[in-house]
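Only one structure is covered here, and it is reproduced in the block below.
The values are calculated or read from the model by the stated rules, or taken from the named source; none is laboratory data. Remember, it's a predicted structure, so these values are computed and weren't measured experimentally. Here the Cβ is made from the backbone with ideal geometry for all residues, glycine too, and neighbour counts use every protein chain on show. Note: accessible area is taken over every heavy atom of the protein model, side chains too, but ligands, DNA and RNA are not part of it. Shrake-Rupley method; radii C 1.70, N 1.55, O 1.52, S 1.80 Å.
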Amino acid sequence: MAKVLIVDDAEFLRVRLTKMLSTDGYEVFQAENGLKAVSSYKELHPDIVLMDVTMPEMDGLTALKEIVGFDPKARVIMLTALGQESVVLEAVKSGAKDFVVKPFEQDRVMKAITKLLA
């Protein structure tokens, strides 16, 4: 069973993703900001991270860089709002493996995860 860490400051989004992934058999963990994402990553060693870009305390790009610095093989999928193309480009350069635009379709999220776990 793959472990997925969901990082987003919006609780409703974490709950929605958790339900979606748990139903598919994933073991899901949550963090509400980048700071907690980094410490959770080091503790849990998840197979996949779904991370929002814009969050308080530590944004997703900074957290991504810290996680990839700790584990260069980290598989991080960035969750981004429309109009954040420049941020997506920087995220990919910084080690993100994929990105999903919000609001997202369940199918798109599952395809991104399946692709990275293959």
Original post:
How big is the charge dipole of the chain about its Cα centre, in debye rounded to the nearest 20, if each Lys and Arg gets +1 on its Cβ and each Asp and Glu gets -1 on its Cβ?
Top reply: 340
Original post:
Counting only protein heavy atoms, what percent of the accessible surface of the chain is carbon or sulfur at a 1.4 Å probe?
Top reply: 55
**OP:** Let me know the Rg and Dmax you get for segment 1-81 when you use only its Cα atoms, in Å.
**Re:** 11.4, 32
**OP:** Note down the nm distance, to one decimal, between modelled labels 7 Å out along Cα→Cβ at Val68 and at Ala10.
**Re:** 2.4
Original post:
Over the alpha carbons of segment 47-118, what is the largest minus smallest coordinate on each principal axis, giving the biggest first in Å?
Top reply: 29, 29, 20
**OP:** Quote the FRET efficiency, to the nearest 0.05, computed for Met20 versus Lys93 with a Förster distance R0 of 30 Å and r equal to the Cβ-Cβ distance.
**Re:** 0.55
Subject >> Derived scalar couplings ³J(HN,Hα) [segment 107-116; Karplus, 6.51 cos²θ - 1.76 cosθ + 1.60; whole Hz; x for Gly, Pro] >> reply: 4, 5, 5, 5, 5, 4, 5, 4, 4, 6
**OP:** Within the set of other residues whose C-beta is less than 12 Å from the C-beta of Leu44, count the net charge using Lys and Arg as +1 and Asp and Glu as -1.
**Re:** -1
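Just to confirm the filter: which GluC sites (Glu not before Pro) across segment 16-118 are DSSP coil and have at most 16 other Cβ within 10 angstrom of their Cβ?
On the way: sites: Glu27, Glu32, Glu43, Glu57, Glu66, Glu85, Glu90, Glu105; in loops: Glu32, Glu57, Glu105.
Those satisfying the criteria are Glu57, Glu105.
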**OP:** Would you compute, from DSSP H runs of 4+ residues alone, the mean residue ellipticity of the chain at 222 nm, taking -39500 (n - 2.57) per run and dividing by the full residue count, rounded to the nearest 500?
**Re:** -14500 deg cm²/dmol
